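Novice: Before I ask anything, let me first share the structure, which is written out below as structure tokens.
The values are calculated or read from the model by the stated rules, or taken from the named source; none is laboratory data. These numbers come from a predicted model, not from an experiment. So basically every Cβ, Gly included, is an ideal-geometry build from the backbone, and we count neighbours across all protein chains shown.
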Amino acid sequence: MVGCLAVLGLLAVSGRVGCEAVAVCAAVRSAAGPSGSCGGQPGGSGVSEDLAEVVAGGQQLPLGAGAGFATAQFAKEQEISNNVFSSTQWTPDVSWPGAKEFNATYKARFGKEPTYHATTAYESMIIMAQTVAKAKANPARTRDLLKRGKWNGLMGEVRFADYEGYTNQNKHQMLVEQIQNGVHETVYPPQFAPKKPVYPFPGWAK
């Protein structure tokens, strides 16, 4: 997934259709075993240009590539959204420390589900505020603490490292979710996901 990550602010964000396919194929293989081919074709489903078909284990699977497929609004459109996979930064049911509590607090205050944009922004500011306070607002000390620090919160483990040509970047663990009965459920990776993917894909009601 390293080549599938871009960076916005302090936290990594998802890439293009091909990167989404890598994550979804991993999720399906985790659930069903590595059988058949696994690849992606943008626009293959005919639903939209951003909906791709991933072939895994001989099954065509719907893959939502892009932020819109991770929204509550899309999930409610069950005639086209049910069992669609998507890759995202964060989900309300992920087992990272504080994720469920953040989701509950956000919903109570704003009356809606937080997006991953809200979550990454919140965690970024928490990390920056804690680091600046610890460094007593000294710029050089702040930079050093960010470089050497490690955090484990509602976005999972965060470290700003140098790897594979990247400098001071967080190698963020992307999540795979699947819409099951109108609800986004985290299905991969197994150590953070409370649900399993629906596989083989049963198809949509005609």
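Novice: Which of the residues spanning region 98-117 are in a helix (DSSP H, G or I) and of a type outside the set (A, V, I, L, M)?
Specialist: Lys100, Glu101, Phe102, Asn103, Thr105, Tyr106, Lys107, Arg109, Phe110, Tyr116, His117, listed by residue number.
Novice: Let me ask something else. Residues to consider are Gly153, Gly98, Gly149, Gly111; find the one that is out of contact with any Lys or Arg (no Cβ under 7 Å at 6 or more places or on another chain) and more than 29 Å from Thr167 (Cβ to Cβ). Reasoning before the result, please.
Specialist: Values: Gly153 fails: more than 29 Å from Thr167 (Cβ to Cβ); Gly98 fails: more than 29 Å from Thr167 (Cβ to Cβ); Gly149 fails: more than 29 Å from Thr167 (Cβ to Cβ).
After ruling out the rest, the residue left standing is Gly111.
Novice: Which condition breaks for Phe110 when tested against (1) under 24 Å from Ser81 (Cβ atoms); (2) surrounded by 12 or more Cβ atoms within 10 Å (Cβ to Cβ); (3) among the hydrophobic types (A, V, I, L, M, F, W, C)?
Specialist: (2)
Novice: Hey, another quick one. Does at least one position in region 102-111 carry a residue that is among the charged types (D, E, K, R), closer than 30 Å to Val198 by Cα and free of Cβ contacts under 8 Å to residues at least 12 places away in the same chain?
Specialist: There is at least one residue in region 102-111 that is among the charged types (D, E, K, R), closer than 30 Å to Val198 by Cα and free of Cβ contacts under 8 Å to residues at least 12 places away in the same chain.
Novice: Going by what's in this entry, would Ser86 be described as exposed (fewer than 14 other Cβ atoms within 10 Å of the Cβ), under 18 Å from Tyr188 (Cβ atoms) and either over 16 Å from the mean Cα position of the chain (by Cα) or of a type in the set (Ser, Thr, Tyr) (or both)?
Specialist: no
Novice: Got at least one residue in region 134-150 being acidic (Asp, Glu) and touching a helix residue (DSSP H, G or I) at 6+ places or on another chain (Cβ under 7 Å)?
Specialist: Within region 134-150, none of the residues are acidic (Asp, Glu) and touching a helix residue (DSSP H, G or I) at 6+ places or on another chain (Cβ under 7 Å).
Novice: May I pose another question? Cβ contacts < 8 Å: first residue over 21 Å from Ile80 (Cα atoms), restricted to region 177-200; second residue part of a loop (DSSP other than H, G, I, E, B) and modelled with pLDDT under 90, any location; separation 6+ or different chain. Result?
Specialist: Taking only residues 6 or more apart or on different chains, the pairs are Tyr188/Pro197; Pro189/Gln173; Phe192/Gln173.
The rows are residues; the columns are (1) loosely packed, with under 13 Cβ neighbours inside 10 Å; (2) without any contact (Cβ under 8 Å) to a residue 60 or more places away in the chain; (3) not small (Gly, Ala, Ser).
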residue: Ser81; (1), (2), (3): no, no, no
residue: Trp90; (1), (2), (3): no, no, yes
residue: His117; (1), (2), (3): no, yes, yes
residue: Lys136; (1), (2), (3): yes, yes, yes
residue: Arg143; (1), (2), (3): no, yes, yes
residue: Leu146; (1), (2), (3): no, yes, yes
residue: Gly156; (1), (2), (3): no, no, no
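Novice: Can you name the number of the only condition in (1) within 24 Å of Pro92 (Cα to Cα); (2) surrounded by 15 or more Cβ atoms within 10 Å (Cβ to Cβ) that Pro194 fails?
Specialist: (2)
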